[in-house]
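Report on the structure given below.
The values are calculated or read from the model by the stated rules, or taken from the named source; none is laboratory data. Quantities reported herein were computed from a predicted structural model and do not represent experimental measurements. FYI the Cβ positions are ideal-geometry reconstructions off the backbone, even for glycines, and counts take in every protein chain you see.
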Amino acid sequence: MITKKQIIEKLKTVDDPELGVNIVDLGLIYDVRISKDNTVFVKMTLTTPGCSMGAMFDQLVAEAVKSIPKVKDVKIEITFDPPWTSDKMSEKAKKLLGMI
């Protein structure tokens with residue numbers, strides 16, 4: 001059985017290449033759901049609507065989640081509602097970026 005915890009752990013291996021911090025600690029992951037047929041749905045955002053890394057994140061997120069045994073497919077929704085702010089970042093990310 002696939003768990004949300006497994007998916008989050010895999011998503012922590014995906015770093016924002018510009019910031020060098022993983023997308024979970026950056027607060028870019030808004031929701032993770034698993035369907036009965038083991039399709040994983042990831043709702044995420046980017047730091048800015050004009051972020052040139054959007055297509056790359058689609059690929060990196062899909063590859064990370066598909067590496068979990070029994071995952072059938074990955075569907076990624078990128079949203080800007082609500083918009084990302086640095087308040088969504090973990091303490092760890094803020095420390096790594098020198099914000100605290």
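If we scan region 32-41, do we find a residue that is surrounded by 12 or more Cβ atoms within 10 Å (Cβ to Cβ), among the basic types (K, R), within 22 Å of K95 (Cβ to Cβ) and modelled with pLDDT of 95 or more? There is no residue in region 32-41 that is surrounded by 12 or more Cβ atoms within 10 Å (Cβ to Cβ), among the basic types (K, R), within 22 Å of K95 (Cβ to Cβ) and modelled with pLDDT of 95 or more.
For V14, are the conditions met, namely being at pLDDT 95 or above, under 9 Å from the mean Cα position of the chain (by Cα), crowded, with 16+ Cβ neighbours inside 10 Å and under 19 Å from E63 (Cβ atoms)? Here the answer is yes, as V14 does meet what is asked.
In region 67-89, what residues are of a type in the set (K, R) and touching a strand residue (DSSP E or B) at 6+ places or on another chain (Cβ under 6 Å)? Explain how you work it out, then say what you get.
First, the residues of region 67-89 that are of a type in the set (K, R): 70, 72, 75, 88.
Across region 67-89, the qualifying residues are K72, K75.
Tally the residues that are touching a strand residue (DSSP E or B) at 6+ places or on another chain (Cβ under 8 Å) and closer than 16 Å to Y30 by Cβ, restricting the search to region 90-100. Of the residues in region 90-100, 1 are touching a strand residue (DSSP E or B) at 6+ places or on another chain (Cβ under 8 Å) and closer than 16 Å to Y30 by Cβ. The set of residues in region 8-47 that are among the hydroxyl-bearing types (S, T, Y) and closer than 17 Å to E77 by Cβ comprises Y30, S35, T39, T45, T47.
Name every residue in region 1-17 that is among the β-branched types (V, I, T) and out of contact with any helix residue (DSSP H, G or I) (no Cβ under 7 Å at 6 or more places or on another chain), in order of residue number. Let's see the steps before the verdict.
Here is the first cut: in region 1-17, the residues among the β-branched types (V, I, T) are 2-3, 7-8, 13-14.
Those that are among the β-branched types (V, I, T) and out of contact with any helix residue (DSSP H, G or I) (no Cβ under 7 Å at 6 or more places or on another chain): I2, T3, I8.
A Cβ distance below 9 Å, combined with a sequence gap of six or more or placement on separate chains, defines the contacts here; from region 67-89, residues that are in contact (Cβ under 8 Å) with a residue 60 or more places away in the chain reach residues that are among the basic types (K, R) and surrounded by 12 or more Cβ atoms within 10 Å (Cβ to Cβ) in the pairs I68/K10.
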